[in-house]
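Laboratory data are not the source of any read-out in this text; all were calculated from the coordinates shown. Please read all numbers here as calculations on a predicted model, not as lab measurements. No Cβ is skipped: glycine too gets one built from the backbone with ideal geometry, and neighbour counts run over all protein chains shown.
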Amino acid sequence: MPQQLTLRVRPRLALVAVLLLLAFVGATARTATAATPLTVSQAIATQNNSVQTVRGYIVGEPVATTTVNRSGFTDDLAIALADSAGETSTSKMVYVQLTSSWRSTWGLRTHPANMGKQVDVTGTLTAYFAHPGLKSPTAIAAVGATPPPTTTTTSPTSTTTSPTTSPTTSPSPTGTTGPYDSTYYANAIGKSGSALRTSLHSIIRSQTVLTYDQVWAALKDTDQDPNNANNVIEIYSGRSIAKSDNGGGVDQWNREHVWAKSHGDFGTANGPGTDVHHLRPEDVTVNSTRGNLDFDNGGAAVSQCSDCFSDSDSFEPRDAVKGDVARMIFYMAIRYEGDDGWPNLEPNNSVANGTAPYIGKLSVLKAWSAGDPPDAFEKRRNQVIYDTWQHNRNPFVDHPEWVGSIWP
Ligand SMILES: [Ca+2]
Ligand SMILES: [Ca+2]
């Protein structure tokens, strides 16, 4: 009798242990893959105004509740996603609103070749065209495009979940949080695309404007060598040089305009030409080599600048500051919108901008920003400018993910 009891109890204990283990593994897996996108079927079943990421294939242009154009596209206002690239049943599609900032990249009238592409779209799951939808997207990215550096690999095709099962955990929001979200950036938080751009512009345009002479003192503070308070670090070459060794002589450091001042021809009058968010110490010779070149990968090695390259139309800085350079350009684009007497500065995909208020190459700068996230030097610099000199911030140092929202 006691022996039988033992036999009966042990398997139960083992079963309980296995179940507990499975529950634990399940919970762990769920936590680790919280960012796994929903399928389109799941998105259709989750029309609850939550912000989620949905993965699907672009299958057409919705124009009415049950009408989706698969060719002859009429506009760039919306796209339909489905779990299969060949889907034709509108009941198996989610309709994605393309707010203005997404139209030039994802609209089917402009980009009919996007048909069949697999994308991840983040936005609010709510009805659109009186049909299951996703509105106000904050991110749209082709699956398999250059992933952000910290993205964990997930295999979406291997996780098949019943369409009727609502997810029990919400994917984490696409944005990161920062210490200034509830204060300095309060009006920008939650926005995306052109709304985010407008909001950030009105926030950062309020600043103290320095004179070109004050820039010397500012740079000695903002770019101080963390290992030697008597020195600054030159942006491109990375060399530590005495603060006092500034000027126009060979091997001295001077004030490099990362947004080359000829691109918009703003010179060194108080304004963009004295905005220390993009002014950096650099060796006189290297500064001269960079000149007013646009930024792009490739070229010949640059003298006195390890890991820097240049050719006839572009300059490539060392890897450690590629992201810094990109985020300075993005700051300038949003700070200067043409409403205060200065040119409307914008990045574009050209490397032959001349004196136009543009600088390239946008696609490369975006990759540089993604590949070199803000580091301690760059963050300290932003803080010192905010605390001591200009009292405005570079939003892309605080929220690098905003780059992709404004320049998708
Ligand atoms: Ca960096
Ligand atoms: Ca601008």
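For the residues H391, H263, what sequence is obtained by ranking on other C-beta atoms within 10 Å, fewest first?
H391, H263
Taking neighbour counts of Cβ atoms within 10 Å as a proxy for exposure, in what order, fewest first, do D221, D83 appear?
Sorted ascending by nearby Cβ count, the order is D221, D83.
Add +1 for every Lys or Arg and -1 for every Asp or Glu among the other residues with Cβ under 11 Å from the Cβ of L38, and state the total.
-1
By the scheme Lys and Arg +1, Asp and Glu -1, what is the net charge of all other residues having a beta-carbon under 10 Å from that of N246?
That works out to +2.
Please give me, ordered by residue number, the trypsin sites (Lys or Arg not before Pro) of the stretch 64-113 that lie in loop per DSSP and have at most 16 other Cβ atoms within 10 Å.
R70, R109
Where the centroid of each part is defined by its Cα atoms, how far is the stretch 319-339 from the stretch 90-106 in Å?
Taking the Cα centre of the stretch 90-106 as reference, the centre of the stretch 319-339 is 29 Å away.
Nearest 20 debye, what's the magnitude of the dipole of the stretch 40-156 about its Cα centre given +1 on Lys and Arg Cβ and -1 on Asp and Glu Cβ?
Approximately 20 debye in magnitude.
Count the DSSP beta bridges whose two residues both fall in the stretch 40-156, then state the antiparallel fraction as a percent rounded to the nearest 5.
90 percent
Hey, fewest Cβ within 10 Å first, where do D181, D275, D283 land in order?
Neighbour counts put them in this order, fewest first: D181, D283, D275.
Relative contact order for the stretch 40-156 using alpha-carbon pairs under 8 Å, separation at least 6, rounded to a whole percent?
Computed value for the stretch 40-156: 29 percent relative contact order.
Can you work out ³J(HN,Hα) from phi for every residue in the stretch 308-319, in order, using Karplus 6.51 cos²θ - 1.76 cosθ + 1.60 and θ = phi - 60°, giving whole Hz and x for Gly and Pro?
So the Karplus estimates, Gly and Pro as x, are 10, 9, 8, 9, 5, 10, 7, 10, 10, x, 4, 4 Hz.
Where both residues lie in the stretch 193-406, what percent of DSSP beta bridges are antiparallel, nearest 5?
75 percent
Whole-Hz ³J(HN,Hα) for each residue in the stretch 348-361, computed from phi via Karplus 6.51 cos²θ - 1.76 cosθ + 1.60 with θ = phi - 60°, x for glycine and proline: what do you get?
With coefficients 6.51, -1.76 and 1.60, one gets 9, 9, 9, 10, 9, 7, x, 9, 5, x, 10, 9, x, 10 Hz.
Computed FRET efficiency, Cβ-Cβ of N270 and A113, R0 51 Å: what is it to the nearest 0.05?
It comes out at approximately 0.65.
When every alpha-carbon pair in the stretch 193-406 is counted, what percent end up more than 22 Å apart?
45 percent
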